[in-house]
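Chemist: I'd like to ask you about the structure that follows.
The values are calculated or read from the model by the stated rules, or taken from the named source; none is laboratory data. Here the structure is a predicted model, which means the values were calculated and not measured. Here the Cβ positions follow ideal geometry from the backbone for every residue, glycine too, while neighbour counts run over all protein chains shown. Please note that ligands, DNA and RNA were not included when accessible areas were found on the heavy atoms of the full protein model with its side chains. Shrake-Rupley method; radii C 1.70, N 1.55, O 1.52, S 1.80 Å.
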Amino acid sequence: AFCSTIKSHGYQAGIYASKYWMTEKINMKVLENKYDVWVAQYNSECTYAGRYDIWQYSSEGHVSGISGNVDCNKFYKQY
């Protein structure tokens, strides 16, 4: 319902969750064809079997000028 409302107001809507939640808790078959999908799986490769647009692969990245770790993501869609 939230994504539908966001999209109806002209914004890009998406689903963000861990691979576990996308596989075990969320009915992704209904959502993955309507919204962008951002899967979090800290691994050397993404093993989520469904469609996804962004993969968050680590929370241990470093950026000059930022203290502490940052999340690392790969985008497969141009935004």
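Chemist: Once the whole set of protein chains is in place, how much accessible area is left on Ser64, using a 1.4 Å probe, in Å² to the nearest 10?
Modeler: About 120 Å², ignoring ligands and nucleic acids.
Chemist: Another one. Taking the solvent-accessible surface of protein heavy atoms with a 1.4 Å probe, what is the per residue accessible area of the chain in Å²?
Modeler: 72 Å²
Chemist: Related question: Given R₀ = 30 Å, FRET efficiency for Ile26-Gln78 by Cβ-Cβ distance, to 0.05?
Modeler: After rounding to 0.05, the efficiency reads 0.75.
Chemist: Tell me the relative contact order for the chain as a rounded percent, counting alpha carbon contacts under 8 Å between residues six or more apart.
Modeler: Taking the mean separation of contacting Cα pairs over the length of the chain, I get 21 percent.
Chemist: Starting from the Cα of Ser67, step 7 Å along the direction of its Cβ; do the same at Tyr11; then give the gap between the two resulting points in nm.
Modeler: So the two model labels end up 3.1 nm from each other.
Chemist: Might you report the magnitude of the Cβ-based charge dipole of the chain about its Cα centre, with Lys and Arg at +1 and Asp and Glu at -1, to the nearest 20 debye?
Modeler: Roughly 300 debye, rounded to the nearest 20.
Chemist: For Lys77, tell me the accessible area in Å² from a 1.4 Å probe, rounded to the nearest 10.
Modeler: My reading of the accessible area for Lys77 is about 80 Å².
Chemist: Count the DSSP beta bridges whose two residues both fall in the chain, then state the antiparallel fraction as a percent rounded to the nearest 5.
Modeler: 40 percent
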